[in-house]
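What follows is a single structure, written as structure tokens, with notes after it.
The values are calculated or read from the model by the stated rules, or taken from the named source; none is laboratory data. The shown structure was predicted, so the numbers you read here are calculated from the model rather than taken from an experiment. Note that we place each Cβ from the backbone using ideal geometry, even for glycine, and neighbour counts take in every protein chain shown.
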Amino acid sequence: MASADRDLPTAVAAAVRESVAAVGVRRTTLTDVARLAGVSRMTLYRMVPDVETLLLTVLTHDFEALLADIESATSRRRTARARLVAVAVETARRLPREPLFARILDVDPELLLPYLTSRLGSTQRLALERIELAVEAGQADRSIRRGDPTLIAIGVLTTVVPWVVSARVIDRLGRDDALDELARGLDGWLRP
């Protein structure tokens, strides 16, 4: 499993994105990534044991950057509940359009299945930590109902994930209106 704090050179992360865009996840190799990044295979093998770990590390890094951008853009909302709902909805709007994630959805969606059915990945753990902090802040400012912050965070995460992985279906049905419904649902559920 990828480590959220694993440091990868920018050239390696860019090479992963380029290779996945060109040939998909299943056909991307560490040799291809090393060549594109201008590093030796052995250097790359010292960083990560396999392509899946490398890919998940880059995905987590990209997700963390996206989340930081969204949190910054929504930071002026009056309550922690309003900020959490805005972050959740913007994540559901923007994550499916992130190039690496979109490419996985296009050509190798089955790679996501274990993270939807049987285990939490580093990206999900990162999201849960951030959601739990937001829930605690909302409970402190009394904009979010009482309850176990971890369980509420799990509820938020498992509510938003289908909106991310089903983005193409939702797009055909009217994404903005659908995301308004997500916002109303989360806001009502979190409200004290």
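I'd like to check something: does the stretch 110-122 contain any residue that is polar (S, T, N, Q), within 20 Å of Glu52 (Cβ to Cβ), touching a helix residue (DSSP H, G or I) at 6+ places or on another chain (Cβ under 9 Å) and crowded, with 18+ Cβ neighbours inside 10 Å? Taking every residue of the stretch 110-122 in turn, at least one turns out to be polar (S, T, N, Q), within 20 Å of Glu52 (Cβ to Cβ), touching a helix residue (DSSP H, G or I) at 6+ places or on another chain (Cβ under 9 Å) and crowded, with 18+ Cβ neighbours inside 10 Å.
Among residues belonging to the stretch 141-155 that are farther than 18 Å from Gln124 by Cα and not charged (D, E, K, R), point out the one that is surrounded by the fewest Cβ atoms within 10 Å (Cβ to Cβ). Even if it seems obvious, please write down each step before you answer.
First pass over the stretch 141-155, keeping only residues farther than 18 Å from Gln124 by Cα: 141-148.
Then drop every residue that is not not charged (D, E, K, R), which leaves 143-144, 147.
Working: Ser143: 21, Ile144: 24, Gly147: 13.
The extreme case among them is Gly147.
For the stretch 87-160, give me every one of the helices (runs of 4 or more DSSP H) that falls completely inside it and has 1 or more residues that are touching an Asp or Glu at 6+ places or on another chain (Cβ under 7 Å). Result: 99-107, 122-140. Here the stretch 78-108 is the region considered, the condition is being among the basic types (Lys, Arg) and surrounded by 15 or more Cβ atoms within 10 Å (Cβ to Cβ), and the residue that is nearest to Ser143 (Cα to Cα) is Arg81. Looking at the structure I just gave you, is Arg77 over 18 Å from Glu64 (Cα atoms) and at pLDDT 95 or above? Taking the combined requirement at face value, the residue satisfies it.
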